[in-house]
Amino acid sequence: MQNDFFKYQAQTTQFAAGFEVEKAEGSYIFGKDGRKYLDFVAGVSANTLGHSHPKVVNAIKEQADKYLHVMVYGEYAQEKPVELCRLLAKATPDPLEITYLVNSGAEAIDGSLKLAKRYTGREEIVSFKNSYHGNTHGALSVSGHEGHKREFRPLLPMISFIEFNNENDFDKITEKTACVILETIQGAAGFLVPNNDYLIKLKKRCEEVGALLILDEIQPGFGRTGKLFSFEHFGIVPDILVMGKGMGGGVPVGAFMSSKKIMETLSHSPKLGHITTFGGNPLIAAASHATLKEVLESGLMNEVDEKEKLYRELLVHPKIKNINGKGLMLAVNLGTPEFTLNVAKKCMEKGLIVFWQLYRNEYLRISPPLTISKEEITEGCKIILDVLNEENPI
C-alpha cells in the first residue's frame, strides 16, 4: 500500500511518512505494523473527540440509513443541518445567529471575504503577517507568508498586511476597508496569542471605520482552548466567525457565521452570492451536530486548563526554549527546524505522533483530542523527554 500511496496519490511534500493506518480509536492510531501510536496531533486539530468517537460514528450511521445528498445547499430543509445551525446559534453570543455550511475551512474563509465585500460595498482587505487561512486562491491571498504564495501569483488584489499584536498598524484600517481578517490565535506562526487587550482595540478600530471583523477560529474553535470559541477569552464578538477542522469530529466541514442582517446579503443582487453543492451535507452535519453536542454537554472544556497545565509542568527541559499557545494547542520551541523534525521522527519510532508548525518548523505541534487523559499526556510527554535526552541538536 505504501508503494501505491507514493505512486498514485498526489503528495504535498517530498518527505511524507507514508505511515500505513489500520484503524484509529480514542487517542491512538493503529498501524499495519501491529503497533499503536499515541496521537498528540488529532489530525492537525481536527479530531476534537478523538478517533472514532462512538457518538459521532453512530450519528453518521443513523443518517446514512435515511439519506445522503439530496439537493444543493440552501434549497431543502434537512433535519441534521438545521439542528446543527440552531445549536450553534444557541451556543454563541449575539449577533451571531445564522450559519452558512460549507465543505472546508478554506472555503469558509473565501465565503466570509465575499460576504464582507458584499455587505460593505468595499474592496480592500486587511490581513496579518504570518497568518494562515488555507490554500484556495482566496484563502491563500489573505495568508501572510510570501514563501507559500509566491509561485501562485497573481492572487487577490487590494490586500494589505499588518503585524499581529501591533496597535501602531491600526492606521492601515480605513474607511475603504471591507474587513479585517485574522486568526484569534495565530496557528502556523507558532500558536501566538493576542495580548494587552489587542482584540478589543482592534474591534474598536473596525467599528470606527465601518469595517467588519472576521475571526478565523478554524483551529482554536470547538473547545480547544477551554471555550467553545477562543474569542470568548478576549472580550469581543466578531462580525463574521469562521470555523472548520474540529467542527466535524473527523469529517470534512467548514462554516461561516454572522448576523441575519449581514448574511442575507448573499441571497440577492446577485442571487446565489455563494453556492456549494455539498455544503450542509446531512451525513457531515450529523457528525458535526454530535460533536458540538458532546463538546457542550460533556464537561470536556472544563478539563482543558488542567490538561494545559500538565503539559507545561511536564515539558521542562534544557532543549525546550519556550511553549506558546493556549489550552490544547501548544507549540514547543526546540530551537531549529532540523532538530524539531528529527525529534518528531524519533517520537514516532517510540510510539508518539507529534508534528511541526507550518511556518515555524522549530516549533513542535501539540494539539491532542480534547478527550485525551492525564495518563496519556504523561505517557506522551515522557516519550518527548526521552527523545530530547537522547538526541543532540543538528
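Take the range 160-178 and flag every residue that is among the polar types (S, T, N, Q), touching a helix residue (DSSP H, G or I) at 6+ places or on another chain (Cβ under 7 Å) and open to solvent by 40 Å² or more (accessible area, probe 1.4 Å).
Listed by number, the residues that qualify are 160, 165, 174.
Every residue in the range 317-368 that is farther than 23 Å from residue 227 by Cβ and among the charged types (D, E, K, R), please.
Answer for the range 317-368, where residues must be farther than 23 Å from residue 227 by Cβ and among the charged types (D, E, K, R): 319, 321, 338, 345, 346, 349, 350, 360, 362.
Anything in the range 130-159 that is polar (S, T, N, Q), open to solvent by 40 Å² or more (accessible area, probe 1.4 Å) and within 20 Å of residue 104 (Cβ to Cβ)? List them, or say none.
135, 136
Just wondering, is there one or more residues in the range 25-39 that are closer than 16 Å to residue 286 by Cα, exposed (fewer than 15 other Cβ atoms within 10 Å of the Cβ), of a type outside the set (Gly, Ala, Ser) and free of Cβ contacts under 8 Å to residues at least 60 places away in the same chain?
The answer is no, given that none of the residues of the range 25-39 is closer than 16 Å to residue 286 by Cα, exposed (fewer than 15 other Cβ atoms within 10 Å of the Cβ), of a type outside the set (Gly, Ala, Ser) and free of Cβ contacts under 8 Å to residues at least 60 places away in the same chain.
Take the conditions touching a residue at least 60 places away in the same chain (Cβ under 8 Å) and buried (at least 24 other Cβ atoms within 10 Å of the Cβ) and apply them to residue 109. Does it pass?
Here the answer is yes, as residue 109 does meet what is asked.
Let me spell it out: the conditions are (1) farther than 30 Å from residue 213 by Cα; (2) crowded, with 21+ Cβ neighbours inside 10 Å, and residue 79 meets all of them except one. Which number is the exception?
The failed condition is (2).
Within the range 191-202, is there a residue that is among the hydroxyl-bearing types (Ser, Thr, Tyr) and farther than 30 Å from residue 336 by Cβ? Give the steps one after another, and end with the answer.
Our first condition is that a residue be among the hydroxyl-bearing types (Ser, Thr, Tyr); within the range 191-202, this holds for 198.
Within this subset, residues satisfying the condition of being farther than 30 Å from residue 336 by Cβ are none.
Scanning the range 191-202, I find no residue that is among the hydroxyl-bearing types (Ser, Thr, Tyr) and farther than 30 Å from residue 336 by Cβ, so the answer is no.
Tell me which residues, restricted to the range 86-105, are of a type in the set (A, V, I, L, M) and touching a Phe, Trp or Tyr at 6+ places or on another chain (Cβ under 6 Å).
Listed by number, the list is empty, since nothing qualifies.
I'd like the full set of residues that are open to solvent by 20 Å² or more (accessible area, probe 1.4 Å), in contact (Cβ under 8 Å) with a residue 60 or more places away in the chain and assigned to a helix (DSSP H, G or I), limited to the range 365-381.
374, 376, 378, 379
Do the conditions hold for residue 246, that is, is it part of a helix (DSSP H, G or I) and either touching a Gly at 6+ places or on another chain (Cβ under 7 Å) or aromatic (Phe, Trp, Tyr) (or both)? Spell out the reasoning first.
Numbers: part of a helix (DSSP H, G or I): yes; either touching a Gly at 6+ places or on another chain (Cβ under 7 Å) or aromatic (Phe, Trp, Tyr) (or both): yes.
Yes, satisfied.
Is there any pair with a first residue in the range 297-311 that is over 10 Å from residue 224 (Cα atoms) and among the acidic types (Asp, Glu) and a second that is part of a helix (DSSP H, G or I) and open to solvent by 30 Å² or more (accessible area, probe 1.4 Å) whose Cβ atoms are under 8 Å apart and which are 6 or more apart or on different chains, and what are they?
306/374
Listed here are the residues, each with its yes/no results for (1) open to solvent by 30 Å² or more (accessible area, probe 1.4 Å); (2) within 21 Å of residue 218 (Cβ to Cβ); (3) part of a loop (DSSP other than H, G, I, E, B).
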| position | (1), (2), (3) |
| --- | --- |
| 293 | yes, yes, no |
| 301 | yes, yes, no |
| 312 | yes, no, no |
| 335 | yes, no, yes |
| 345 | yes, no, no |
| 361 | yes, yes, yes |
| 384 | no, no, no |
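Which one is nearest to residue 262 (Cα to Cα), of the residues in the range 191-228 that are of a type in the set (Gly, Ala, Ser) and surrounded by 24 or more Cβ atoms within 10 Å (Cβ to Cβ)?
This residue is 211.
On the basis of being farther than 24 Å from residue 287 by Cβ and either of a type in the set (Asp, Glu) or surrounded by fewer than 12 Cβ atoms within 10 Å (Cβ to Cβ) (or both), does residue 20 make the cut?
Yes: the conditions hold for residue 20.
Conditions (1) open to solvent by less than 20 Å² (accessible area, probe 1.4 Å); (2) in contact with a Gly (Cβ under 8 Å, 6 or more places away or on another chain); (3) modelled with pLDDT of 95 or more; (4) of a type outside the set (A, V, I, L, M), marked per residue:
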position: 48; (1), (2), (3), (4): yes, yes, yes, yes
position: 58; (1), (2), (3), (4): no, no, yes, yes
position: 65; (1), (2), (3), (4): no, no, yes, yes
position: 91; (1), (2), (3), (4): no, no, yes, no
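Anything in the range 352-394 that is at pLDDT below 95, farther than 15 Å from residue 324 by Cα and not hydrophobic (A, V, I, L, M, F, W, C)? List them, or say none.
Across the range 352-394, the qualifying residues are 390, 391, 392, 393.
The values are calculated or read from the model by the stated rules, or taken from the named source; none is laboratory data. Please read these numbers as outputs of a predicted model, since none were measured by experiment. Here Cβ is always computed from backbone atoms with ideal geometry, including for glycine, and neighbour counts include all displayed protein chains. With ligands, DNA and RNA removed, areas are computed over all heavy atoms of the protein, side chains included. Shrake-Rupley method; radii C 1.70, N 1.55, O 1.52, S 1.80 Å.
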